[in-house]
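First the structure, in the form of structure tokens, and then the observations on it.
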Amino acid sequence: MRHRLPWLYSLYEGLFRDLAQLGTHEPVSVAANAVYGATLNVQRGVKMRYECHVDSNPIEGLLYVTDHPKGSGGELVVANSTMANSVSEVDADCSVVYPASGNLIFFDARRFAHYVRPLTSDSAVRVVVAMNFYTPSSSEADRPKDLSGHLFGYQE
Ligand SMILES: [Fe+2]
């Protein structure tokens, strides 16, 4: 994304990092490896999904590009309990974020499992800019070595 959307990557390294900093006393840094610093997540149709998981980074920023109002799918569902680790357990007690174009959210989901519900229309497209931020106590070096292989199909 750094080369194809340099203005967006500049926001990740600049204004968006500054905004992420407002939520913690630790210094917030962007990823040294641009491959997973900021990525464009594109979800198409009813079959693609983002599985239930927890994050390895302490601050995740999501900039929503497309709108997905209630009933159209694509909402982010986050467990309210650290004990939940499956879709049914998350659903039992959760917070739901309906994507709205232009909204920027930050969250720490290292302990709260979350997933994205499938879109309800074959022609729907959901676009989100996902941004990883780090702190000294939870640094980029703590990122699991096989994570990029799962997300992007290669090994670091
Ligand atoms: Fe996540």
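The values are calculated or read from the model by the stated rules, or taken from the named source; none is laboratory data. The model shown is predicted, which means the values in this text are computed figures rather than measured ones. Ideal geometry is used to build each Cβ from the backbone, glycine not excepted, and the neighbour counts take in all protein chains shown. Keep in mind that these areas ignore ligands, DNA and RNA; they rest on the heavy atoms of the full protein, side chains included. Shrake-Rupley method; radii C 1.70, N 1.55, O 1.52, S 1.80 Å.
The simple spin-label model puts a point 7 Å past each Cα toward its Cβ; for Arg110 and Arg44 those points are separated by 3.6 nm.
Dividing the convex hull volume of the alpha-carbon atoms in the chain by its residue count gives 122 Å³ per residue.
Each stretch of four or more DSSP H residues adds -39500 (n - 2.57); spread over every residue of the chain, this sum gives -4000 deg cm²/dmol at 222 nm. Approximating the spin labels as points 7 Å out from Cα along Cα→Cβ, the Met83-to-Lys70 distance works out to 2.8 nm.
Just reorder Glu60, Glu51 by solvent-accessible area, largest first, 1.4 Å probe, all chains present.
Numbers: Glu60 20, Glu51 125 Å².
Final ranking, largest accessible area leading: Glu51, Glu60.
Using the Cβ-Cβ distance between Asp93 and Asn33 with R0 = 35 Å, the FRET efficiency computed as 1/(1 + (r/R0)^6) comes to roughly 0.50.
Per residue, segment 6-137 exposes an accessible area of 50 Å² to a 1.4 Å probe, with every protein chain left in place. When the alpha-carbon atoms of segment 83-129 are used, the pair Rg, Dmax equals 12.6, 35 angstrom.
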